[in-house]
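Participant: Here it is: the structure, laid out below.
Taken together, the values in this text are just the output of simple stated rules run on the coordinates, not laboratory data. The model shown is predicted, which means the values in this text are computed figures rather than measured ones. No Cβ is skipped: glycine too gets one built from the backbone with ideal geometry, and neighbour counts run over all protein chains shown.
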Amino acid sequence: MTKGNNQNPTAYGLILTSLILLVLAVFMFLYYLWQFFPFTVDDAFITFRYSRNLADGFGPTFNPGGPPVEGYTSFTWMILMAIPHLLKLNPVVFSKIAGVIFTLGFLILAFKFTHFLCDFLDRKSRILPASVMVTLLATFYATSAHAVAGMETAMFSFLVLLLFHQSARYIDNPTPRTAYGITLAAILAGLTRPEGNIIAIIDLIVVTVLIPKDKRIGLLKAIALGYLLPGVIYYIWRYAYYGLPLPLPAYVKIVTGDSGNFHGIRDVVKFIRVIGIFYGIPIIIGFFGAGKKLLPGIIASVMVLVLFIVPYHTMSYIFRYLYPIVPMFFIIAALGTGVVLKRLGKWKPGGAGLVTGSIIVLVVSLGIGMLLVPNARLSIFDKQNYAYSLGECHIRLARHLGNYEKPDGKPILACADAGAIPYYSDWESIDTIGLNSAEISYDRADVADYVISRNPDLVILISESNTEFHARTDFGDELMSRCIEVGMEPISSMQFARDYYLWLLCDPDDPLADYLDQLQ
């Protein structure tokens, strides 16, 4: 192991630079957190509905008393979100607090991971690249947005980084303890997001190849007991409970889509372009400091990019599906600062090189943070508008519906935005997109036929206009026609965004029509 220069006169400079970066990181993270805090994505309420039903004793399903369906994509997050429902706490606030805790967790883990990987520097010099890593993550506004959006992104990012961290430590020192550390992170990541299993499998394969042959039996045993066995038990349960091999979102976004089309390629290219423009040079330099310990994380991260070329990136605000691999790219960029410190230390011995390197690292890190500010402002503006619109449109409508009492049973609604409206209204709901309706996503029933067959009290369609109906979904025109055929009429509309209106259709002679008029 090669050690860099350890000159006492430069230690204070390295520590001072690290402190400046960490203070910047804390300030920017808290500022972005405050700006994004009102934002909760509509999809979060889908998981909250499953969690509430679980807490109320109905099991993890969308409609209490109905057949089990699996419209959520994160088992562990769904279980975690049952806690506020059991304790009668606000699930939105609880999810944001949990997201912030997981975010702080992977910021601390990122610091430790980078410090561990920079073993080509002395211990005092490693503090600077580790601080750079935290700064890059904290000043990347997406970090704060995903912390408070109500989804599992922060928890999944923590578990993916933990998997890569445990893998690197196992390659460095293969012991039974570190082997089970890898498998624990692997199974938790797999239960948190479906792609977590792909990441875990690739990571475990690469680790198995890299370690000495005499250690492979021990690792395979840990994989069998710590990952495969609990994974099989979970899969047997979910297949017996839901009766389908995959969650419903997989059928909507991959299986039943236009097969052969690469729906996600635009989002993946945009992600690569953003990372390349702002962090490309440090990442390229960092590859010279990335040893085999980082290889499992690098290969798994690249495969995530390849994987997400195929599916629709539905509700992929600020690269939601790709964000969990951001820490890996930032670690490589932070390693780049370590490489710079090492080279400058050799070029200018006696500490002058480390001082020069510290100045360069400080300027570059601050520069990247400032360059991101315009993008952050646009994103903050967009997400604050989204939060306001969701509250004034979907949530206001849902709370109004929640106070409606149907004379003869529980009312039924059909809508495409199946998050906040079903959650707060607590009506029996038909998800016209199919994320929570197996008949639509798996059985591929005609949306209009299926909705009309259920005799809904209220149908909510999405239009680009407030005066003339211009459907924003491929089934919207047909469903509008069928609703009119059975005597339903547009009663009112509500604006969500500039070209996004909710049209409310019901029987004009139903008391519900008069009740909806009270909302205006």
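Participant: Pairs Lys96/Lys221; Lys292/Lys342; Lys215/Lys293; Lys124/Lys213; Lys293/Lys342: which are spaced more than 27 Å apart, C-alpha to C-alpha?
Facilitator: Lys96/Lys221; Lys124/Lys213
Participant: Fully extended, how many nm does the chain gain between Ile299 and Leu86 (0.36 nm per residue separation, minus their Cα-Cα distance)?
Facilitator: Extending this stretch completely gives an extra 72.6 nm.
Participant: Asn261 to Gln495: extension gain in nm, 0.36 nm per residue of separation minus the Cα-Cα distance?
Facilitator: Net length gain for the segment: 81.0 nm.
Participant: Based solely on its DSSP helices, what 222 nm [θ] is calculated for the chain when runs of n ≥ 4 H residues each add -39,500 (n - 2.57) and the sum is averaged over all residues, nearest 500 deg cm²/dmol?
Facilitator: -19500 deg cm²/dmol
Participant: If you bin the C-alpha pair distances of the chain every 10 Å from 0, what whole percents do you get?
Facilitator: Binned Cα distances yield the sequence 4, 17, 26, 24, 15, 9, 4, 1, 0.
Participant: Among Thr114, Met81, His146, whose Cα projects farthest towards the positive end of the dipole of the stretch 40-166, with charges put on the beta-carbon of Lys, Arg (+1) and Asp, Glu (-1)?
Facilitator: Comparing the listed Cα positions along the dipole, Thr114 ranks first.
Participant: Also, quick follow-up: Is the C-alpha gyration tensor of the stretch 382-517 telling us rounded, prolate or oblate? Criteria: a/c under 1.5 is rounded; beyond that, a/b larger than b/c is prolate, otherwise oblate.
Facilitator: Rounded.
Participant: Under a straight-distance cross-link criterion of Cα-Cα below 20 Å, which aspartates and glutamates are reachable from Lys88, leaving out those fewer than 8 residues away in the same chain?
Facilitator: Output for Lys88: Asp56, Asp426.
Participant: Further, regarding this structure: Run the reach check for Lys112 against aspartates and glutamates, Cα to Cα strictly under 20 Å, same-chain hits fewer than 8 apart removed. What comes back?
Facilitator: Asp122, Asp172, Asp203
Participant: Relative contact order of the chain, please, whole-number percent, based on alpha carbon pairs below 8 angstrom and at least 6 residues apart.
Facilitator: 17
Participant: Between Arg123 and Leu30, what is the label-to-label distance in nm when each label sits 7 Å out along the Cα-to-Cβ direction?
Facilitator: 3.0
Participant: Separate question: Roughly speaking, what is the stretch gain from Leu519 to Phe287, that is 0.36 nm per residue apart minus the C-alpha to C-alpha distance, in nm to one decimal?
Facilitator: Extra length available between Leu519 and Phe287 comes to 77.7 nm.
Participant: Then there is this: Along the charge dipole of the chain, Cβ charges K/R +1 and D/E -1, which of Val160, Tyr72, Leu335 sits furthest on the positive end?
Facilitator: Result: Leu335.
Participant: Next up: Treat every Asp and Glu Cβ in the stretch 46-199 as -1 and every Lys and Arg Cβ as +1, leave all other atoms uncharged, and give the resulting dipole magnitude about the Cα centre to the nearest 20 debye.
Facilitator: The calculated dipole for the stretch 46-199 is roughly 320 debye.
Participant: Using a simple charge model, +1 on the beta-carbon of Lys and Arg, -1 on the beta-carbon of Asp and Glu, nothing else, what dipole does the chain show about its Cα centre, in debye to the nearest 20?
Facilitator: Magnitude of the dipole: close to 4220 debye.
Participant: Next question, about the same structure. Lysines within cross-link reach of Lys270: Cα-Cα under 25 Å, excluding same-chain residues under 8 positions apart?
Facilitator: Once the sequence-local lysines are set aside, what remains near Lys270 is Lys253, Lys383.
Participant: What distance in nm separates the simple spin-label points at Tyr235 and Val209, each placed 7 Å from Cα in the Cβ direction?
Facilitator: Using points 7 Å along Cα→Cβ, the separation is 2.2 nm.
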